[in-house]
Amino acid sequence: GSASGTIAAVSGHDEMTMRGEVVPVHDDGTLGTPVDTSTLGTASSLVNVGDRLAVARSTTANACVISTLDLAVTSHGTSAGWGTAGQCTQAAIGYSPGRRDALLVRHDMIDGDLNHVIATRNGDAYTIPGESRLRNPGNEPRPIGVADGYWVSYETGGTLEAAHVDVLGAVGTVVPLGPLGTTTAHDTFVVNGEPYAAWVQDGLEIARLCE
């Protein structure tokens, strides 16, 4: 967001219109006019990518798409799809500050795995090359950007793991974090440049991620 006007945004699915939308949040606490992002959008991931916002989302047709919006949340750019059509869910995006690319991660409904790719932004649109497998089985990815690339936490076989992915898309260190009671009960975040994972299992657990 910015110091005045639109300071935040919320991405989600409108049950009335059955479309994906991003809603600006103003500095006085009011909500602005929603910006339509796609037909039949379901789960979404919204990230500030420097001079724009990027929203990665899954659709009810099980396709994954990404597009960008201006920081004031008034207009929506060109959408680009990735992954296997009809099998793509849990679309997520991680951004490393200062870069022009982003890490896209998604779940495959048929194979049960997680796949990832480094997408490059030119203007308001992303160019997306071929994917690589991140983890099999893998579920509910939570990517976050750091100085040397990205970390992704995910559920696999009832446990939580986190993997480091460099800026070229190569998977490096994999960190086992422990049992995970619910597949969605985890997240990643950065404090003072350091990445952390948080999850729920007999209380709140937090771990700093390092190679």
Restricting attention to segment 93-115, the residues that are open to solvent by 10 Å² or more (accessible area, probe 1.4 Å) and either acidic (Asp, Glu) or in contact with a Pro (Cβ under 8 Å, 6 or more places away or on another chain) (or both) number exactly 4
Counting just the residues of segment 29-43 that are small (Gly, Ala, Ser) and surrounded by 15 or more Cβ atoms within 10 Å (Cβ to Cβ), which one comes out farthest from Arg142 (Cα to Cα)?
-> Gly32
Determine if segment 202-209 includes at least one residue that is closer than 26 Å to Thr68 by Cβ and out of contact with any helix residue (DSSP H, G or I) (no Cβ under 6 Å at 6 or more places or on another chain).
-> no
Residues Pro137, Pro143, Pro179, Pro129: which one is in contact with a Gly (Cβ under 7 Å, 6 or more places away or on another chain), open to solvent by 50 Å² or more (accessible area, probe 1.4 Å) and either among the small types (Gly, Ala, Ser) or under 24 Å from Gly81 (Cα atoms) (or both)?
-> Pro137
Within the set of pairs 6+ apart or on separate chains, which have a first residue in segment 73-100 that is farther than 16 Å from Gly138 by Cα, a second that is modelled with pLDDT of 90 or more and among the aromatic types (Phe, Trp, Tyr), and C-beta atoms under 6 Å apart?
-> Ala80/Tyr126; Gly94/Tyr150
Breaking point among (1) within 20 Å of Ser96 (Cα to Cα); (2) in contact with a Pro (Cβ under 8 Å, 6 or more places away or on another chain); (3) without any contact (Cβ under 8 Å) to a residue 24 or more places away in the chain, for Thr188 | (3)
Considering residues that are open to solvent by 80 Å² or more (accessible area, probe 1.4 Å) and modelled with pLDDT of 85 or more, the number found within segment 4-28 is 3
Output for segment 192-204, where each listed residue is surrounded by fewer than 16 Cβ atoms within 10 Å (Cβ to Cβ) and more than 20 Å from Ile93 (Cβ to Cβ) | Asn192, Glu194, Val200, Asp202, Gly203, Leu204
If you take just the strands (runs of 3 or more DSSP E) that sit entirely in segment 44-89, which of them hold at least 1 residues that are within 19 Å of Glu131 (Cβ to Cβ) and open to solvent by 40 Å² or more (accessible area, probe 1.4 Å)?
-> 80-82
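The values are calculated or read from the model by the stated rules, or taken from the named source; none is laboratory data. Only a predicted model underlies this, so the values are computations on that prediction, with no experimental measurement involved. Reconstructed Cβ throughout: ideal geometry from the backbone, glycine too, with neighbour counts over all protein chains shown. Each accessible area value is taken on the protein alone, full model and side chains, heavy atoms only, with ligands, DNA and RNA left out. Shrake-Rupley method; radii C 1.70, N 1.55, O 1.52, S 1.80 Å.
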